[in-house]
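As C-alpha cells, the structure follows; a few thoughts come after it.
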Amino acid sequence: MTDNLVILGLESSCDDTAAAVVSLSGDSAEILSSVVLGQDALHDAFGGIVPEIAARAHAEKLDISVKQALSQAGVGLGDVTLVAATAGPGLIGGVLCGVTTGKAIAAARGIPLVGVNHLAGHALTPRLTDGLAYPYVMLLVSGGHCQFLVVEGCDQFTRLGGTIDDAPGEAFDKSARLLGLGQPGGPAIECAARDGDPGRFRFPRPLLDRPGCDMSFSGLKTALLRARGTVIAEKGGLTRQDRADLCAGFQRAVADVLQEKTRRALTEARRQLAEPPALAVAGGVAANTEIRTGLETVSGEFGVRFVAPPLALCTDNAAMIAYAGGELFRAGRIDDMTLAARPRWPLDKRSPALLGGGKKGAKA
Ligand code: KG4
Ligand code: ZN
C-alpha cells in the first residue's frame, strides 16, 4: 500500500502559499507539479512579513494553489493517496490554514494525513532531487533559517549548530535596505558586489574565534551601518563604488563564516559517523555564487559529494513537504484530526533552543 503513493503537499508556514503533487514509486520520486503563490507585493510596503496579512492570504489562496497543482499534475483529488501538510515551525496563522486544509481533504477523501516539519522538508530535498543516501550534512541557509544538521533518517536529525541571532538571508535583506538597494536583498547585494573590492572595509567574522558551529550575523549588519556612516561623514554621501565595496566586503564576510563553519560541521560529523558524509545545502541564500563556491571548495577539501538542489526547490515549496510526508508515511507516521499546528518545532529534540527569532518567526 505504501509502495506507490500520489502525495498532495501543502506549505503555508511563512509567506508562500504552495501546493504540489509528488509521486513516490519504490525508490523513485517524481514531482508532478509544484505551485508557489508568493505574497511579496502584499508585504513590501511594511518592510517585512506581517503575520496577519500572510495568514489571510494563505486562507484565500490555499484552495487555488491545490486546484492548480492537481490540474498541472493531470490528476484529480480521487487519485491522491496521501496528504502532507506543513504543521510547523512557522507563523501560526499560516500553519493553521495548511493543517486545516490538509485535514479537510484527508477527511473528505478518506485518505491518510501526515503533518510535516517544514525544516525536515528542506533537509530531505536532496533525496528528492538527487537521491542522496543517508547520512549527510545539511546546511540550511535562508531568510528564516540557518543551521547545520546531520541527517540520518527522515526523522533523525542532529543539529550541530545554528545562528544565535539573524539568519544570513535576513542580514542580506536588512543590509540591502541600509544601502538603499531593492528587496530581496541577497540578489541585490550579490549584483552590486560584482564591481566591489571586498578588502576595502573591515568586516568582522563573528564567532570564528569560538569553537563549534554556532553562527551570528546581526553584527555584520551593524558593521555595515558603521562603515556606511564613516563614508557619509567624510564625503557627504555614497558613490556607486562605495556601495559596491560595502556589498563585496559584507558578502565576503558571510561567505567566509559559512565556509569555515562548514569545515567544522564536516569535521564533527566525520567524528560522529563511520563514513565521511556528503554535504548538501538548501535555502535561498544557497543561490549566492560566492557562498556556493565556498561550500564546494570545502566539500573538495574533505573529498565528499556536494549537492545543491535547483533554486526553486531550495526555497520554500510544497514538493519538499509532499516528499517528506511520503518518507514519513512509509516509516509508519500517520496523523489524525488531532494534528496540531506548532509555531516552534525543533528538528533535533535533544538540542537546546537557539536564541534567534528572525523575521520569519521562530527558528526552531
Ligand atoms: O529560502 P527562501 O526563499 O525563504 C526563506 O527564508 O524561507 O530565502 C530567501 C532569502 C532572502 O533573504 C534572500 O535575500 C536570500 O534568500 N537570497 C540570497 C540570494 N538569493 C536569495 N542571499 C544571498 N545571495 C543571493 N543570490
Ligand atoms: Zn523555509
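The values are calculated or read from the model by the stated rules, or taken from the named source; none is laboratory data. On a predicted model such as this, the values are computed, not experimentally measured, just so you know. Neighbour counts are summed over all protein chains in view; Cβ atoms, including those assigned to glycine, are modelled from backbone coordinates with ideal geometry. Just the protein is used for accessible areas: all its heavy atoms, side chains included, with ligands, DNA and RNA removed. Shrake-Rupley method; radii C 1.70, N 1.55, O 1.52, S 1.80 Å.
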Legend entry - Cα centroid separation, the range 88-141 to the range 152-216 (Å): 25
Legend entry - Over the range 30-184: Rg over Rh, Cα atoms, Kirkwood Rh: 0.99
Inset, instruction - On a 0 to 90° scale, report how tilted helix 218-235 is relative to the longest principal axis of the chain, with both axes built from alpha carbons and the result rounded to the nearest 10. - result: 40
Legend entry - Assigned charges on the beta-carbon of Lys, Arg, Asp, Glu; the chain dipole about Cα centre (debye): 860
Inset, instruction - Among A85, P198, A55, flag the residue with its Cα farthest along the positive direction of the charge dipole of the chain, charges on Cβ as +1 for Lys/Arg and -1 for Asp/Glu. - result: P198
Legend entry - the range 134-304, accessible surface, carbon-and-sulfur percent (1.4 angstrom probe): 49
Inset, instruction - Could you check what % of the DSSP bridge pairs in the chain are antiparallel, to the nearest 5? - result: 65
Legend entry - Rounded to 10°, Cα long-axis angle of helix 51-73 versus longest principal axis of the chain: 60
Legend entry - Tail weight of P(r) past 25 Å, computed on alpha-carbon pairs of the chain, percent: 53
Legend entry - Relative contact order (%) - criterion: Cα under 8 Å, at least six apart; region: the chain: 25
Legend entry - Per residue accessible area of the chain, 1.4 Å probe, in Å²: 40
Inset, instruction - Please give the helix 92-109 orientation as an angle from the longest Cα principal axis of the chain, in degrees from 0 to 90, rounded to the nearest 10. - result: 20
Inset, instruction - Counting only C-alpha contacts under 8 Å and six or more residues apart, can you give the relative contact order of the range 134-304 as a whole percent? - result: 28
Legend entry - Under 5 Å, built H, 5+ apart or other chain: amide partners of S33: V21
Legend entry - For the range 274-345, fraction of C-alpha pairs farther apart than 20 Å, in %: 51
Inset, instruction - Write down Rg/Rh for the range 1-119, rounded to two decimals, with Rg from the C-alpha atoms and Rh from the Kirkwood relation over Cα pairs. - result: 0.99
